[in-house]
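Read through the structure below, which is laid out as structure tokens, and then see the notes.
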Amino acid sequence: MIARTYHALVPPFERHVGMGKTRWQILSTLQRAGEISQAALQQQLHLDGAAITRQVKQLEEDGLVQRRTDPHDNRYTLVALAPDGQALAASMQQRRASFQALLTAGIPEEDLIVLRRCLARVRDNAVALGE
């Protein structure tokens, strides 16, 4: 049921926010974290290195992120939102909130509280299974 719901949510979410899920996750993570290494980004998003490199390169070409070599360790590349990326990330968060409001329209607040608590437990259980 959770997988079916997830797969049903992704396409309308991508249409509503105007970009693919992975791209959105990268921009959203960088908005929260600030400048981080590509390795840390990969680890946080549970994506393979090639996928992160491809996505970050495209985001850099689009002027949304900036990359630089870590001055303390040349083996790492640091990634941060560029000014255009910061503006886009802010508008994406508004669109995400709007999408969430559309999804939960008509559900009483007390039910949403229970839903959030249950989904957090499912997420925590999934993380524990992956460890």
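Quick look at the numbers
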{"item": "Filtered residue count, the stretch 1-22, keeping only those that are touching a residue at least 40 places away in the same chain (Cβ under 8 Å) and in a helix (DSSP H, G or I)", "result": "6"}
{"item": "Criterion: in a helix (DSSP H, G or I), closer than 23 Å to Lys21 by Cα, among the small types (Gly, Ala, Ser) and modelled with pLDDT of 95 or more - qualifying residue of Gly63, Gly85", "result": "Gly85"}
{"item": "Only one of Leu88, Leu64 that is in contact with an Asp or Glu (Cβ under 8 Å, 6 or more places away or on another chain), under 27 Å from Pro12 (Cβ atoms) and of a type in the set (A, V, I, L, M, F, W, C)", "result": "Leu64"}
{"item": "Qualifying position, being surrounded by fewer than 10 Cβ atoms within 10 Å (Cβ to Cβ) and not in a helix (DSSP H, G or I), among Ala128, Ala105, Ala101", "result": "Ala105"}
{"item": "Options Gln42, Gln55, Gln31, Gln25; residue that is free of Cβ contacts under 8 Å to residues at least 12 places away in the same chain, assigned to a helix (DSSP H, G or I), surrounded by 16 or more Cβ atoms within 10 Å (Cβ to Cβ) and not hydrophobic (A, V, I, L, M, F, W, C)", "result": "Gln42"}
{"item": "Only one of Arg75, Arg67, Arg121, Arg95 that is surrounded by 10 or more Cβ atoms within 10 Å (Cβ to Cβ) and either under 23 Å from Met1 (Cβ atoms) or without any contact (Cβ under 8 Å) to a residue 12 or more places away in the chain (or both)", "result": "Arg121"}
{"item": "Residue among Ser37, Ser91 that is of a type in the set (Ser, Thr, Tyr) and touching a strand residue (DSSP E or B) at 6+ places or on another chain (Cβ under 9 Å)", "result": "Ser37"}
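Each row is one residue, and each column tells you yes or no for (1) over 14 Å from the mean Cα position of the chain (by Cα); (2) closer than 22 Å to Val122 by Cβ; (3) not aromatic (Phe, Trp, Tyr).
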| site | (1), (2), (3) |
| --- | --- |
| Thr22 | no, yes, yes |
| Ala40 | no, no, yes |
| Asp84 | yes, no, yes |
| Ala90 | no, no, yes |
| Ser98 | yes, no, yes |
| Thr104 | yes, yes, yes |
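The values are calculated or read from the model by the stated rules, or taken from the named source; none is laboratory data. The structure displayed is predicted, hence computed values, not measured ones. Using ideal geometry, Cβ is built from the backbone for each residue, glycine included, and neighbour counts are taken over all protein chains shown.
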